[in-house]
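The structure appears below as structure tokens.
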Amino acid sequence: MNGDSLEKLFNYYTLKVAKGHRTITEYYLSVNEKCYELLSRDNEMSELLNKEGSDELCESYPYKIAYPTHIKNYPSLVSSCKDHRLRNRFPVPVVFYKDKYVCRSSTIRNYLKDEEYECDCKTLKSLSISSIFNFMIEKNRDKEEYKATTESVKKEHYPDLHQFLMPYPGVKFFIQYKRNNYRADSLFYNYDHPRNKVQLTIPIDFENVKQYHVLPIIEITGLYLRTMLRVLANPMQNKHSSIVLHCLSGWYSDQNKACTTTIIRVSKYYPCFFLFLYQGNIQSTNKEYT
């Protein structure tokens, strides 16, 4: 892949797919097929077709969704539970590492019935998910189509899952990155804003995170990545424990999650980069957090 093809791909995603205009074109299908092929190199995969019209599972997901072949009940679970998460963005595995999956989704809808939460939980368990990394800065959202909550609020329905609450700004915040002359080491997010209702919660002994809200965003990003990589390298329950990452809707604010999973994928194929992040050797202005 050269620079021109990358530019074409990024432009297509930015102008079409990322804005919900999932038009099935020949180019779209070729990209989708290539992604499926690459995922199949990591694991034996089966395809779940996300057709347009009445059979559509999620308007912003690919036409062909890859899932591990050995999870026989995944298609039926998705069909039954796809409406239980915002914008129907149900958990999908996107990175495979030593029989573990890094999955993506949106958060759960609010006001579900008990059996609907149970169905959603079964989908997570089918992927062997034991830890949830939640990047939302709010516990609930009650505006229009965004009637949503989190697994930490409804924890009685998710008793076996480790909840990592990692409040992180949405994509609109990073306009400031450009305004800041593309310098991340002096870019700060206002965690003291009244809208931010979530406190950083990491259910393992790791780094001193009490003062996270005064750190530049690059150090917070490094802290979050190191935590996720540590859980992947040393699962909290068993060697097959997987993780899921989500923010609110899995829409525009979902871009930071896409970047996170991309870095995890790079870490998988380049162990030196994995150690680089895992050991905390990132650009930092505070030695206590490196």
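What follows is calculated from the coordinates using simple rules that are stated; it is not laboratory data. Bear in mind the structure is a predicted one, so any value in this text is a computation, not a measurement. Please note: Cβ atoms are built from the backbone with ideal geometry, for glycine as well, and neighbour counts cover all protein chains shown.
Considering only Leu161, Phe173, Thr150, and ranking their Cα positions along the charge dipole of region 131-175 that arises from unit charges at the beta-carbon of Lys, Arg, Asp and Glu, the one farthest toward the positive end is Phe173. Highest-first packing order for the peptide set 23-32, 99-108 is 99-108, 23-32, based on the mean count of other beta carbon atoms within 10 Å. Assuming charge only on the beta carbon of Lys and Arg (+1) and of Asp and Glu (-1), the dipole of region 1-72 about its Cα centre is about 120 debye to the nearest 20. In a fully extended conformation the segment linking Ser46 and Glu26 would gain 5.1 nm over its present Cα-Cα distance, using 0.36 nm per residue. Here r is the Cβ-Cβ distance between Glu118 and Glu59 and R0 is 25 Å; the resulting FRET efficiency, rounded to 0.05, is 0.45.
In nm, give the distance between the simple-model label positions of His193 and Asn110, each being 7 Å from the Cα along the Cα-to-Cβ direction. In this crude label model, His193 to Asn110 measures out at 1.9 nm. Rounded to the nearest 0.05, the FRET efficiency derived from the C-beta distance between Lys178 and Ser5 at R0 = 30 Å is 0.75. When the C-alpha to C-alpha distance is required to be over 32 Å, the pairs from Lys8/Lys72; Lys125/Lys147; Lys51/Lys113; Lys8/Lys125; Lys98/Lys147; Lys34/Lys154 that qualify are Lys8/Lys72; Lys8/Lys125; Lys98/Lys147; Lys34/Lys154. Each distinct pair of alpha carbons in region 1-72 adds a 1/r term; the inverse of their mean, the Kirkwood radius, is 13.3 Å. Here the spin labels are modelled as points 7 Å beyond Cα on the Cα-Cβ line, and at Val214 and Ser186 they lie 1.9 nm apart.
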